[in-house]
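*Asks:* Next up is a structure, given as structure tokens.
The values are calculated or read from the model by the stated rules, or taken from the named source; none is laboratory data. Please read these numbers as outputs of a predicted model, since none were measured by experiment. Neighbour counts run over all protein chains shown; Cβ positions are idealised from the backbone, glycine included.
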């Protein structure tokens, strides 16, 4: 399998998704700091929470509409909103204007645009990919996402504090190019034979659609597994980072290493390994069954996080960073392949939107882990991580069972 063998829409989406991720990661991680300084930490936290909730709600609506009116129309509308929001973000932080309220409003609009785009873009990839292509496609997408995160963080770190106008102007131009590509090069992918009609009031239709999604037994088992697995990842910059900062102090090659420096090293190892290994790894894993890849991957992933939860030995921490990265490279693309294979064609975008909620739930568990860690010793947190990893693996394997029929109701 090669990049040139893929459907035209997939090739274009991988490129445009890279730039979309680049835009988000150069802005979002630094907005919390900006808002805390400008309006206070309490209001900043409330605004960020509102952004997440609103983005999730519009994502559910976008998933519903996309299965009825098509992917391309909604993606163009979302991208128009993104260009508009980024233009005014640049204007609000320009040499001629400095408006915090306008910055907050346009940041919310940008989040709404991202919430619309996410489930539709994921559904579009499933629309035009075959089962044997998806392992490679999701591995490639995973690689581009991590490269975008790295470059975006670097751009934001260099430009956000002192050169916000330049940063917002650059990402606005990038979004304008993405809009042009969507208008003239992306084709509609929804199969009209499987599209659904608007035969009832909109609010009742939406409710009926998502009641059906969340009564799908196989999907909800998969959803639970995703929440447990991804919540471990959200522990990295919360409990694990805080624990290392307060507990870790050691020497590495005769250099004194602080907990913060050790955390930075772990993140660097993860990023470098993903960038180097993701594409060849996805090709190599194509020869194995999903059940085997998921089992080995989740075992390595869980072991790595469990060690990070309690160990203060530098070399063991480095080894665990390598293990969890290899585990992540194995399980993450397979998770997407599993999801693509279990959702009905008529509700693809709706299922993708519902799947996106698992990340919001995992983020809440990640924050809760920091609170629990204030009361539990590190070895107890490690034990909790092991239980979460085992639970995720059991549920993932359960969702792969043929006996768990698609769309079998929970009750």
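*Asks:* Residue by residue through segment 329-356, note down the ones that are farther than 21 Å from residue 397 by Cα and surrounded by fewer than 22 Cβ atoms within 10 Å (Cβ to Cβ).
*Replies:* Once the filter is applied, which keeps residues that are farther than 21 Å from residue 397 by Cα and surrounded by fewer than 22 Cβ atoms within 10 Å (Cβ to Cβ), segment 329-356 yields 345, 346.
*Asks:* Condition first: under 22 Å from residue 208 (Cβ atoms) and assigned to a loop (DSSP other than H, G, I, E, B). Now tell me which residues in segment 334-382 satisfy that.
*Replies:* Within segment 334-382, 343, 344 meet the criteria.
*Asks:* In the list 131, 174, which residue meets the criterion of being surrounded by fewer than 21 Cβ atoms within 10 Å (Cβ to Cβ), over 16 Å from residue 79 (Cβ atoms) and either in contact (Cβ under 8 Å) with a residue 60 or more places away in the chain or not assigned by TED's automatic domain parsing to the domain that holds residue 25 (or both)?
*Replies:* The match here is 131.
*Asks:* Output the number of residues of segment 232-264 satisfying the condition of being crowded, with 16+ Cβ neighbours inside 10 Å and under 24 Å from residue 144 (Cβ atoms).
*Replies:* Summing the residues that are crowded, with 16+ Cβ neighbours inside 10 Å and under 24 Å from residue 144 (Cβ atoms) in segment 232-264 gives 4.
*Asks:* Does segment 211-229 hold any residues that are surrounded by fewer than 20 Cβ atoms within 10 Å (Cβ to Cβ) and either out of contact with any strand residue (DSSP E or B) (no Cβ under 8 Å at 6 or more places or on another chain) or on the phi > 0 side of the Ramachandran plot (or both), and which are they?
*Replies:* 211, 212, 214, 220, 224
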